[in-house]
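Taking it in order: structure first as structure tokens, then the write-up.
All of the numbers you see were taken from the coordinates with simple rules; none came from a lab. A quick note: this is a predicted structure, and the numbers were derived from the prediction, not measured. Cβ sites come from the backbone with ideal geometry, for glycine too, and all protein chains shown count toward neighbours.
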Amino acid sequence: MKKLESTLPNMVLSLVGICTLVAAILAFLNDATKGPIEEAQVKNKIAAIKAVTPQFDNNPYEETFKVALAAGDSLVVYPAKKGGQLVGYAIETNTKAGFNGLIELMMGVDVQGKLIDYSVLNISETPGLGSKIPEWFHTPAKTSGSIQDVRGVNLVQEMPLKVKKDGGKVDAITAATISSRAFLDALTRGYEAFKQAQDKN
């Protein structure tokens, strides 16, 4: 019993020392990787902005602003300009309605409300089903009057975008209706931000 009592303080001190060392190492690694991670995220967003907007000669990332949505949150808008004239917007939109939660997109809209393109920033939908969002909505529809490739869709005329199961024109991803609805919800939220951005300009 005496031996246990004599070693207990040593064990506690050793444990505290190890925990302190591990915490210090983790804090150092966090600080060391935080900058590169943030830098990579910025580069990814800038690349997405370029991919979804008309050609521009300003720096949309530096002219960013936020617009509040009726849902109580806000979205980030990146205005694209050419020769000082506004040519469109990249809108960082999202939805929490995905099968596995959050889906984040960068969508580009010209000043007439035409959807130029979209880029998926973050998705965790089911592999082989909802995860097909990046390519599915870039694929032409198989039937006349349907929408699958959303590029070129005039959002002013076509909103609200709905899957066929909900009475709309959009072909949902096979066996992934929830993910398809979520994608359209993200576009709808982005369109709301577009309308508010237009009102500001």
Under a straight-distance cross-link criterion of Cα-Cα below 22 Å, which lysines are reachable from Lys43, leaving out those fewer than 8 residues away in the same chain? Lys34, Lys66, Lys81, Lys82
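In debye, nearest 20: dipole of the range 51-200 around its Cα centre with unit charges on the Cβ of K, R (+) and D, E (-)?
For the range 51-200, the charge dipole is close to 400 debye.
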So, in nm, how far is label Ala24 from label Ser124 when the simple model puts each one 7 Å beyond its Cα toward the Cβ? 3.4
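Taking 0.36 nm per residue of sequence separation and subtracting the Cα-Cα distance, how much length would be gained by fully extending the chain between Met11 and Tyr61, in nm to one decimal? Mind dumping the intermediate values first?
Values: separation 50, 0.36 × 50 = 18.00 nm, distance 5.36 nm.
Extra length available between Met11 and Tyr61 comes to 12.6 nm.
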Helix 2-52 sits at what angle to the longest principal axis of the chain, using alpha carbons and giving 0 to 90 degrees rounded to 10? 20
Note: Asn44 to Leu69 extended length (0.36 nm per residue) minus current alpha-carbon separation gives 6.5 nm
Mind pulling the angle between the C-alpha long axis of helix 177-200 and the longest principal axis of the chain? Nearest 10 degrees, somewhere in 0 to 90. 70
Build a GNM of the chain with springs between Cα atoms under 10 Å: which of Asp73, Asp166, Asp31 gets the top mean-square fluctuation? Asp31
What residue among Gly72, Gly101, Gly190 shows peak mean-square fluctuation when the chain is described by a Gaussian network model with Cα springs under 10 Å? Gly72
Dipole of the chain [Lys/Arg +1, Asp/Glu -1 at C-beta], most positive-end residue of Pro140, Ile173, Leu26: Ile173
Got a sec? How would Glu158, Glu104 order by Cβ neighbour count within 10 Å, fewest to most? Glu104, Glu158
If a paramagnetic tag sat 7 Å from the Cα of Asn100 along the Cα-Cβ line, which residues of the range 128-162 would have the backbone N under 12 Å from that point? 128-133
Calculated from backbone phi, Karplus (6.51, -1.76, 1.60) coupling profile of the range 143-150 in Hz, x at Gly/Pro: 10, 5, x, 9, 10, 10, 6, 7
For the chain, set up a Gaussian network in which alpha carbons nearer than 10 Å are linked by springs, and say which option among Gly83, Gly113, Gly130 fluctuates the most. Gly83
